[in-house]
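Everything below concerns the one structure shown next.
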Amino acid sequence: MKPLSVVIICRNEEKIIGTTIESVKDITDDIVCVDNGSTDNTLSVIKQFGARLEETIWEGFGKTRNKALAFAKYDWILMLDADEPVDTVLKQSILNENFTDPYLVYKLTRKNYFAGTHLKFGEWGRKASHIRLFHRDYTKWEEAEVHEKVILPPGAVVKTLNGHILHYTADNVTDFETKMTKYAFLSAHKYYRYGTKSNFFKIYISPVFSFILNYFFRLGFLDGTRGFFIARTSALYTHLKYVILRKMQRS
């Protein structure tokens with residue numbers, strides 16, 4: 001066991017959150033799930049798997065993550081989403097760390113899955129590392145609605161751990177489209193707040209470039225029908241967020 005807390009933010013994740021909790025049980029004695037209004041059996045599953053449940057209101061990803069930090073028992077935080085169990089290699093990498101330098105932050109690499117299949121190409125097939133393990137007194141989240149970044153302290157040292165977060169994006173087409181529509185609304189609100197402008201090029205041309213980039217240049221077609229669907233949905237997401245942003249600007 002390590003002197004760190006695993007903090008999981010969640011809402012309506014009854015299918016996967018038990019797997020995520022189970023994947024980190026050997027790391028710590030403090031697994032806290034911060035729920036944001038689940039209406040399915042998520043709360044029951046959390047209790048069934050022995051994690052600590054806290055409930056709060058949703059205020060966008062950045063603010064909600066920062067609020068969730070306060071519920072942790074320890075200052076070192078491993079922050080996960082409900083659909084992000086860790087593999088055994090990453091778990092061992094975390095167990096091998098000492099966690100004595102508060103200026104040290106850790107990048108963790110994600111593998112993305114759609115409908116249970118690992119995506120190896122396209123936008124979701126790229127190896128992307130994100131800072132998810134840090135000392136909460138020195139590191140916070142940018143308070144953005146979506147695609148929030150970690151704000152690092154001066155002098156921070158970034159280390160990438162071996163192993164992966166296993167990101168199960170969605171079980172089916174409907175779930176993924178629903179999730180991307182939600183992200184489009186959140187992104188539009190973020191852009192509006194930051195003063196980003198929408199225009200004809202961003203609404204109609206950028207989605208085409210998005211599809212070509214992810215399906216052809218990033219070899220998304222090698223993932224078969226799943227690769228086509230991911231590239232198409234990403235293009236629709238790009239189109240939708242700029243349409244929403246333009247409506248907000250005009251109103």
HIS189 passes all but one of (1) in the same structural domain as LYS127 (by TED's automatic domain parsing); (2) out of contact with any Ser or Thr (no Cβ under 6 Å at 6 or more places or on another chain); which number fails? (1)
State all residues of the range 92-130 that are crowded, with 20+ Cβ neighbours inside 10 Å, aliphatic (A, V, I, L, M) and in a strand (DSSP E or B); if no residue qualifies, say none. VAL105, LEU108
Condition first: of a type in the set (Lys, Arg) and touching a helix residue (DSSP H, G or I) at 6+ places or on another chain (Cβ under 8 Å). Now tell me which residues in the range 189-221 satisfy that. LYS197, LYS202, ARG218
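Which fully enclosed strands (runs of 3 or more DSSP E) of the range 1-91 have 2 or more residues being at pLDDT 95 or above, aliphatic (A, V, I, L, M) and surrounded by 17 or more Cβ atoms within 10 Å (Cβ to Cβ)?
4-10, 31-35, 76-81
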Expected output for the range 11-35 (first residue closer than 10 Å to ARG52 by Cα and not assigned by TED's automatic domain parsing to the domain that holds GLU59, partner hydroxyl-bearing (Ser, Thr, Tyr) and surrounded by 19 or more Cβ atoms within 10 Å (Cβ to Cβ), Cβ below 8 Å, 6+ apart or cross-chain) is none
Is it the case that some residue within the range 103-115 is touching a His at 6+ places or on another chain (Cβ under 9 Å), modelled with pLDDT of 95 or more and more than 30 Å from ARG218 (Cα to Cα)? yes
Under 6 Å between Cβ atoms, at least 6 apart or on separate chains: pull out the pairs that start in the range 146-157 with a residue that is in the same structural domain as ILE9 (by TED's automatic domain parsing) and at pLDDT below 90 and end on any residue that is part of a loop (DSSP other than H, G, I, E, B) and β-branched (Val, Ile, Thr). none
Selected residue [farther than 20 Å from LYS120 by Cα, hydrophobic (A, V, I, L, M, F, W, C) and touching a Leu at 6+ places or on another chain (Cβ under 7 Å)] from VAL158, VAL146, VAL150: VAL146
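So that you can scan it fast, the table gives a plain yes or no per residue for (1) more than 18 Å from the chain's Cα centre (by Cα); (2) β-branched (Val, Ile, Thr); (3) modelled with pLDDT under 95:
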| site | (1), (2), (3) |
| --- | --- |
| HIS118 | no, no, no |
| SER129 | no, no, yes |
| LEU161 | no, no, no |
| ASP175 | no, no, yes |
| ILE212 | yes, yes, no |
Residue check for SER210: of a type in the set (S, T, N, Q) and assigned to a helix (DSSP H, G or I): yes
Out of all the residues in the range 147-180, which are closer than 13 Å to ARG132 by Cα and of a type in the set (Val, Ile, Thr)? VAL150, ILE151, VAL158, THR160, ILE165
What residue, among those in the range 150-166 that are touching a Pro at 6+ places or on another chain (Cβ under 9 Å) and not in a loop (DSSP other than H, G, I, E, B), is surrounded by the most Cβ atoms within 10 Å (Cβ to Cβ)? ILE165
Does PHE99 satisfy the condition of being under 19 Å from the mean Cα position of the chain (by Cα) and aromatic (Phe, Trp, Tyr)? no
Which of the residues belonging to the range 131-155 are charged (D, E, K, R) and over 17 Å from the mean Cα position of the chain (by Cα)? ARG136, ASP137
Where residues in the range 131-149 are among the hydrophobic types (A, V, I, L, M, F, W, C) and part of a strand (DSSP E or B), which of them is farthest from THR109 (Cα to Cα)? TRP141
Taking the residues in the range 239-251 that are in a helix (DSSP H, G or I) and free of Cβ contacts under 8 Å to residues at least 40 places away in the same chain as candidates, determine which candidate is farthest from the chain's Cα centre (by Cα). ARG250
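The values are calculated or read from the model by the stated rules, or taken from the named source; none is laboratory data. Predicted model, so just to flag it, every value in this text is computed and none were measured. Neighbour counts run over all protein chains shown; Cβ positions are idealised from the backbone, glycine included.
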